[in-house]
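For reference, the structure is listed below as structure tokens.
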Amino acid sequence: MDEYDQSVERIDPLTGTGNLLSFLETFTSRLASSEATDFSLLLVDLNNFRLFNAERGHDVGDAILHWVSIVMRDIKAPIYRIGGDEIVAVLAESDHKEREFIATELFARMNRESAQFSWSNPASVMLIHFQNEKLDIGAL
């Protein structure tokens, strides 16, 4: 398999972001690195998305996932769709306060702009800090 094919396997076709495989490779390499591993994961989980899809249809649900990926790209960080309705960004270029500000602003923007889909309380936003931690990832 050539290099182009391998990169396609790591892209989510709906959102154009990295997929779970791409995220896992990035995450494990950051944790295994001998360099500083100060970074944060900014996780967006869409609330009641299965119900939303059942009520409004998958076409509207796909439009929302695409919209969320666009909103998250605006934070200028690597973005990955890691599940059906979960998208994560890896924040490494700023300090904790700035990352918390980014998460707060993202949450506010999503709540404000979700009105276009007639959807209140669209997402949960979580920020998980990793500060120079050396973690071992093992297989069972």
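The values are calculated or read from the model by the stated rules, or taken from the named source; none is laboratory data. Since the model is a prediction, treat every value here as computed from it, not as a measurement. Glycine gets a Cβ as well: all are built from the backbone with ideal geometry, and neighbour counts include every protein chain shown. Only protein heavy atoms, including side chains, enter the accessible area calculation; ligands, DNA and RNA are left aside. Shrake-Rupley method; radii C 1.70, N 1.55, O 1.52, S 1.80 Å.
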Exercise. Quick one: residue 99 ticks every box in (1) assigned to a helix (DSSP H, G or I); (2) under 24 Å from residue 33 (Cα atoms); (3) open to solvent by 50 Å² or more (accessible area, probe 1.4 Å) bar one, so which box is it?
Worked result: (3)
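Can you name every residue in the range 103-119 that is of a type outside the set (A, V, I, L, M, F, W, C) and either over 15 Å from residue 56 (Cβ atoms) or open to solvent by less than 40 Å² (accessible area, probe 1.4 Å) (or both)?
Listed by number, the residues that qualify are 104, 105, 109, 111, 112, 113, 114.
Quick one: is residue 23 modelled with pLDDT under 90 and surrounded by 13 or more Cβ atoms within 10 Å (Cβ to Cβ)? Even if it seems obvious, please write down each step before you answer.
Numbers: modelled with pLDDT under 90: no; surrounded by 13 or more Cβ atoms within 10 Å (Cβ to Cβ): yes.
Criteria not met by residue 23.
Only residues that are among the small types (Gly, Ala, Ser) and under 12 Å from residue 44 (Cβ atoms): list them for the range 54-76, please. Before you say what the answer is, go through the steps one by one.
Within the range 54-76, the first condition is being among the small types (Gly, Ala, Ser), and the residues that meet it are 54, 57, 61, 63, 69.
The answer is 69, and nothing else.
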